[in-house]
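Take a look at the structure set out below.
The values are calculated or read from the model by the stated rules, or taken from the named source; none is laboratory data. The structure presented is a predicted model; accordingly, all values stated were derived computationally and were not measured. Here Cβ is always computed from backbone atoms with ideal geometry, including for glycine, and neighbour counts include all displayed protein chains.
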Amino acid sequence: MATATTEPVRLPPGPRIPKIVPLIVILTAIQHRWVPVLGRRYGGTFTSNLPYFGNTVFISDPILVKDIWSTSDDLLERPINLLGPVFGPGSTFSLTGKEHLKRRRLVLPAFHGKGVRSYEHIVEEEVMNETANWPEGREFETLETMGRLTLNSILRAVFGEEGDVLDELRSIMPAMVTLGSFLHLLPSIVERDYGRWSPGGRKSRLRRRFDTAIDSLIADARADPAFEERSDVLAVLLQARHENGEPIPDRHIADELLTLVAAGHETTAAQLAWTVERLRRHPELMSRLADEVDAGGSELRQATIFEVQRTRPNIEGSIRCAKERIRLGDWVLPAGTMVLVDFQLAHESEENFPDAASFNPDRFLGASPKPFRWIPFGGGVNRCLGAGFAAMEMDVALRTLLREFRFAPTDAPGERRQNRGVAIAPARGARAVVYRRTAAASGDRVSVSVADHGS
C-alpha cells in the first residue's frame, strides 16, 4: 500500500503538453483513443496535466492498483465533490472514512446472496415486457430500451411495489440522470437555481418531485403490516440501524436511493447495449451462446459478460487524491496529486491480458477474472455497491434475450465509445436487427446472414 514519505517528489513520466490539449480530447470523440496511445508510449503508469484535476497519475499495473485500493482514506481519499453534489449529502458518494464504511455495512446486505437472487424474476419480466414490441428484420437502437428495462427492474427491486408513485419515478428519473450528468461536468455556479428556466432550477424541481415520491413510499412502507418481512431495498434501509441503534435519516435514505437507482440503471443499461454491439460482430459466439441457453448452461454466457466488461468498461476509472506526500511503488507523489486507476488502460494491457485487443470470452472459461486486472466495478472499500445486482441483471437479461431472439450479425465497424456523463455507451445506440426464435419451425434455427440487414 502507499505510505507517507518525505522523499523528493518523483512523478511518472508523461506528455509535456498545455492543459488545453487534454481538455479538447476530453470534450471530443477521441477521448477513448487518447489514453491507450499514452499507455503505449509511456507504459502502464504515466502523468498527465488535466483540466480541473491538475497533475493526474494514470495507473493500470495490478500491483499499484492493489496498493491504491488498500491504502486508507487518511492518505488517499476519494474526492466527494465529483458525484456527491449530484446525489446529495446522504449519498455514499458524499461520505468518506468511517461514515462511508458504516453506510456500506448497512446497504450491502440488500445486494448480496439471496437478496439478489430474489430479484431474478423481476429482471426476466422486465426484459419480456420491454422487448414485446421489438421490430423484426429492421435495424433499431437497443440502448434506450435497455435503459427502460434496467430502470424498471431496479425500481421494483428497490421499492418492492408498483403504482402511481413508481410511475412518477419512471417519468422523472431519465431527466434527472441526463441533467445531473451534464451539470456535474460544469462549474458549480451553473448548478445554482436561477429560476424556472435555468438548468439548476430544473434540477431543483426534479429533485423536489423525487423527494415527494420517496416520502410517499417511505410512509407507505412504514404503514405496511408486513413491513418487517419485506426484503426490498427501501425496507432494508428503513430497518437498518447503526451500532448505537440510530436509523439512517429519511433524507439520507432519499439520497442513497437516488444514487442506487440513477447510477445503477444507467451503467447496467450501457453494459447490456455493449453486449449486443459486441455479439453482433461475433456470429459464431452468438451461435454457441444460443446452444448453451437451450441446454440450460451458463459458463460461456458468464465468460462473455466478463469479456464485454473488459473490452468495453462503461466507467472511466476510480480516482483518489493524495492528502499528503506519498510513496506509491517507485514513485513519490506530492499532496494534491490525483491518482486514476484507468479501467480501459488496465483492461487493454498486454501484461494483464495477452492478446488484449481481441474479443475472446474463452479466456475466462474455467477461470474467474484475476483481481486488480479485471476491475469494471472498481475495488477496495469503494467497490460498486450494486455490483452483485448488476452481475445478476446482466446474466438474466442476456439469457432471456438469447432465448427469445436471434441477433443478425453485422460487418459494420464497431460503434465508438460515447461518454454520457454517468456511463460510456455505444455512440449509435447499439443498433440491432432481431428475429424471434419462436418464428422458426420447432427444432429449426433461423438462419440470418450478414447480407440480410443494413449497416
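Any residue in the range 115-125 that is closer than 21 Å to SER153 by Cα and modelled with pLDDT under 85?
yes
Tell me yes or no: at least one residue of the range 77-99 is free of Cβ contacts under 8 Å to residues at least 60 places away in the same chain and touching an Asp or Glu at 6+ places or on another chain (Cβ under 8 Å). Yes: one or more hits.
For (1) more than 19 Å from THR275 (Cα to Cα); (2) under 19 Å from the mean Cα position of the chain (by Cα); (3) part of a helix (DSSP H, G or I), each residue gets a yes or a no:
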{"site": "LYS98", "(1), (2), (3)": "yes, no, yes"}
{"site": "ARG104", "(1), (2), (3)": "yes, yes, yes"}
{"site": "ALA110", "(1), (2), (3)": "yes, yes, yes"}
{"site": "GLY115", "(1), (2), (3)": "yes, no, yes"}
{"site": "GLU124", "(1), (2), (3)": "no, no, yes"}
{"site": "GLU130", "(1), (2), (3)": "no, no, yes"}
{"site": "ASN133", "(1), (2), (3)": "yes, no, no"}
{"site": "ARG148", "(1), (2), (3)": "no, yes, yes"}
{"site": "ALA157", "(1), (2), (3)": "yes, yes, yes"}
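Residues in the range 357-384 that are more than 22 Å from GLY296 (Cα to Cα), aliphatic (A, V, I, L, M), touching a residue at least 24 places away in the same chain (Cβ under 8 Å) and surrounded by fewer than 21 Cβ atoms within 10 Å (Cβ to Cβ): VAL381 only. When we screen GLY195, GLY245 for residues that are surrounded by fewer than 20 Cβ atoms within 10 Å (Cβ to Cβ), more than 27 Å from ALA425 (Cα to Cα), of a type in the set (Gly, Ala, Ser) and in contact with a Gly (Cβ under 9 Å, 6 or more places away or on another chain), the only hit is GLY195.
Checking the stated criteria, ARG327 turns out to be at negative phi, basic (Lys, Arg), surrounded by fewer than 24 Cβ atoms within 10 Å (Cβ to Cβ) and outside any helix (DSSP H, G or I).
For the range 41-84, a residue qualifies if it is in a loop (DSSP other than H, G, I, E, B) and basic (Lys, Arg), and exactly one does: ARG78. Within the range 400-424, the set of residues being modelled with pLDDT of 95 or more and of a type in the set (Gly, Ala, Ser) comprises ALA408, ALA412, GLY414. If you check PHE93 against the conditions, is it surrounded by 15 or more Cβ atoms within 10 Å (Cβ to Cβ) and either modelled with pLDDT of 85 or more or farther than 28 Å from MET338 by Cα (or both)? Judged against the criteria, PHE93 is a match. The single condition among (1) touching a Cys at 6+ places or on another chain (Cβ under 6 Å); (2) aromatic (Phe, Trp, Tyr); (3) under 25 Å from ALA4 (Cα atoms) that TRP331 does not satisfy is (1). Set side by side, the residues TYR52, TYR119, TYR42 differ, and just one is hydroxyl-bearing (Ser, Thr, Tyr), crowded, with 20+ Cβ neighbours inside 10 Å and either free of Cβ contacts under 8 Å to residues at least 12 places away in the same chain or out of contact with any Leu (no Cβ under 8 Å at 6 or more places or on another chain) (or both), which is TYR119. For the range 122-137, a residue qualifies if it is more than 26 Å from ALA235 (Cα to Cα), surrounded by 15 or more Cβ atoms within 10 Å (Cβ to Cβ) and of a type in the set (Asp, Glu), and exactly one does: GLU130.
Here is the figure for the range 133-154: residues that are more than 18 Å from ALA269 (Cβ to Cβ) and hydrophobic (A, V, I, L, M, F, W, C) total 0. Being over 21 Å from the mean Cα position of the chain (by Cα) and among the hydroxyl-bearing types (Ser, Thr, Tyr) is the filter here, so list the residues in the range 51-83 that pass it. Listed by number, the residues that qualify are TYR52, THR56, SER70, THR71, SER72. If you check SER318, SER368 for being polar (S, T, N, Q) and in a strand (DSSP E or B), only one passes: SER318. If only residues of the range 310-330 that are of a type in the set (S, T, N, Q) and touching a residue at least 60 places away in the same chain (Cβ under 8 Å) are counted, the one that is nearest to ASP355 (Cα to Cα) is ASN314. For SER48, are the conditions met, namely being hydroxyl-bearing (Ser, Thr, Tyr) and under 22 Å from the mean Cα position of the chain (by Cα)? Criteria not met by SER48.
Does the range 192-214 include one or more residues that are touching a Ser or Thr at 6+ places or on another chain (Cβ under 9 Å) and farther than 25 Å from GLY421 by Cα? Checked against the condition, which is being touching a Ser or Thr at 6+ places or on another chain (Cβ under 9 Å) and farther than 25 Å from GLY421 by Cα, the range 192-214 yields no hits at all. When the test is whether a residue is within 21 Å of LEU289 (Cα to Cα), at pLDDT 80 or above, out of contact with any Lys or Arg (no Cβ under 7 Å at 6 or more places or on another chain) and surrounded by 14 or more Cβ atoms within 10 Å (Cβ to Cβ), ALA430 passes it. Among the residues of the range 331-343, the ones that are within 30 Å of PHE364 (Cβ to Cβ) and either crowded, with 23+ Cβ neighbours inside 10 Å or without any contact (Cβ under 8 Å) to a residue 12 or more places away in the chain (or both) come to 4 in all.
Condition check ((1) farther than 30 Å from THR410 by Cβ; (2) of a type in the set (A, V, I, L, M); (3) surrounded by fewer than 17 Cβ atoms within 10 Å (Cβ to Cβ)) across all residues:
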| position | (1), (2), (3) |
| --- | --- |
| ARG209 | yes, no, yes |
| LEU217 | yes, yes, no |
| ASP255 | yes, no, no |
| LEU260 | yes, yes, no |
| ALA270 | no, yes, no |
